[in-house]
Amino acid sequence: MPAEEFVAGWISGALGLVLGHPFDTVKVRLQTQTTYRGIVDCMVKTYRHESLLGFFKGMSFPIASIAVVNSVLFGVYSNALLALTATSHQERRAQPPSYTHVFIAGCTGGFLQAYCLAPFDLIKVRLQNQTEPRAKPGSPPPRYRGPVHCAASIFQAEGPRGLFRGAWALTLRDTPTLGIYFVTYEWLCRQFTPDGQTPSSGTVLVAGGFAGITSWVAATPLDVIKSRMQMAGLKQRAYGGLLDCMVSSARQEGLGVFFRGLTINSARAFPVNAVTFLSYEHLLLSWG
Ligand SMILES: C[N+](C)(C)CCCC[C@H](N)C(=O)O
């Protein structure tokens, strides 16, 4: 089983993540704090009070997890395509796989990465939702002191299954949308590249960027439900299941609830996935 795809997936995921982290910080702050008037206001205030470093807070944990998650996604995707079409990564430009095969391989990668991502994502969401201001003397300490403490507390209270809260919603979110991710990428690359040739760097950047946006647009409704299920049992109400969460969220807040965070997610998705695909393709090319 070719291993380079796993390594290339890991490195490219990490590069994309560093680039996207400032957007993620702004997104989380807008979602959880009321002091900002909008995206620009949040960026200006963060920069004034905390300098550029403010945008990179809390990045070490996602970097560690993207290593596992992105390498599983790209590694499984590429090896699933190999199993389906009997062509290696290098041969795929001359003999392009069908979109059905690309979709199935993408869904397989998405399904498996969702299980690796679930505990990391749960911890990220729980920490991101701690809105208590830091280190104010006299105020009660936040429930979780950091990622390790958060994981240990969930494990102690609920056992290993507790770490997989919301995993089902996450799997439903990621399986089809990562199929869409790779199909969009392949389709756009082929539109701008003469048959049999390797796509240019510009094409890879644009195709990767739009693949990220398309996939996030499709994923956002289930992303909202997933985050709510992950928070359930902590402070919000407990839901009877995924469907109950969807119906009661829509009843209480209207259908718009399914598109929360879409703008900032799309703005983040373009650079992150452009860089992810560009570095992935370049690494594999340079390793022959
Ligand atoms: C499937 N879903 C849309 C959820 C994610 C697809 C893109 C994954 C990428 N690592 C990123 O963070 O943008």
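The values are calculated or read from the model by the stated rules, or taken from the named source; none is laboratory data. Remember, predicted model here, so these are calculated numbers, not experimental data. With ideal geometry, Cβ positions are generated from the backbone for all residues, glycine too; neighbour counts draw on all protein chains shown.
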For this session: Collect the residues in the stretch 46-59 that are among the polar types (S, T, N, Q) and over 19 Å from residue 129 (Cβ atoms), keeping them in residue-number order.
Result: 51
Problem set entry | Complete set of residues in the stretch 45-99 that are of a type in the set (Phe, Trp, Tyr) and either within 14 Å of the ligand (Cβ to nearest atom) or in contact with a Phe, Trp or Tyr (Cβ under 9 Å, 6 or more places away or on another chain) (or both) | 47, 55, 61, 74, 77, 99
Problem set entry | So residue 23, is it farther than 22 Å from residue 278 by Cα and either buried (at least 20 other Cβ atoms within 10 Å of the Cβ) or within 14 Å of the ligand (Cβ to nearest atom) (or both) | no
Exercise. Where residues in the stretch 1-60 are within 16 Å of the chain's Cα centre (by Cα) and of a type in the set (S, T, N, Q), which of them is nearest to residue 223 (Cα to Cα)?
Worked result: 25
For this session: Only helices (runs of 4 or more DSSP H) wholly contained in the stretch 175-288 count here; list those with 3 or more residues that are within 16 Å of the ligand (Cβ to nearest atom) and within 20 Å of residue 106 (Cβ to Cβ).
Result: 201-231, 262-286
For this session: Could you give me the residue pairs with C-beta distances under 7 Å whose first residue belongs to the stretch 155-178 and is farther than 18 Å from residue 124 by Cα and among the polar types (S, T, N, Q), whose second residue is modelled with pLDDT of 90 or more and within 16 Å of the ligand (Cβ to nearest atom) wherever it lies, and which are 6+ apart or on separate chains?
Result: 175/107; 175/110; 175/111; 175/114; 177/110; 177/215; 177/218; 177/219
Exercise. Taking helices (runs of 4 or more DSSP H) that fall entirely within the stretch 1-105, which contain at least 1 residues that are under 22 Å from residue 199 (Cβ atoms)?
Worked result: 4-32, 60-85
